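A short worksheet on the structure shown next.
The values are calculated or read from the model by the stated rules, or taken from the named source; none is laboratory data. As the structure is a prediction and not an experimental result, all values here were calculated from the model. Here the Cβ positions follow ideal geometry from the backbone for every residue, glycine too, while neighbour counts run over all protein chains shown. Calculation scope for accessible area: heavy atoms of the full protein, side chains included, ligands and nucleic acids excluded. Shrake-Rupley method; radii C 1.70, N 1.55, O 1.52, S 1.80 Å.
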Amino acid sequence: MNKAELIVEIQKLLGKDASKACAERALNSVLSAIKTGVKKSKKLQLIGFGTFSVVSRKARKGINPQTKAQITIKASKVVKFKPGADFKSIIK
């Protein structure tokens with residue numbers, strides 16, 4: 001599913017009175033709030049869905065796929081998502 005398909009699903013869930021533009025604004029608002037929450041507090045927990053958190057990655061060795069030369073990948077911070085129990089249960 002891509003963003004356009006997700007907007008259509010949100011529109012269906014909001015009901016017949018909701019427009020596609022309204023569903024897109026709702027999705028963009030939620031995504032923006034998640035980004036703001038993670039940036040501000042480094043952790044955002046949505047009970048039943050999952051937890052977004054910022055984690056530090058150590059520097060590590062890698063290989064350039066074109067030249068096969070070894071390179072050093074710098075340390076960085078990345079966002080990690082850990083799904084909640086309710087979210088995991090739909091996959092089974």
So which strands (runs of 3 or more DSSP E) stay within region 1-82 end to end and still have 2 or more residues that are open to solvent by less than 60 Å² (accessible area, probe 1.4 Å) and in contact (Cβ under 8 Å) with a residue 24 or more places away in the chain?
50-57
Which one of VAL54, VAL8 is touching a strand residue (DSSP E or B) at 6+ places or on another chain (Cβ under 9 Å) and under 25 Å from SER89 (Cα atoms)?
VAL54
Within region 83-92, track down each residue that is part of a loop (DSSP other than H, G, I, E, B) and open to solvent by 70 Å² or more (accessible area, probe 1.4 Å).
ILE90, ILE91, LYS92
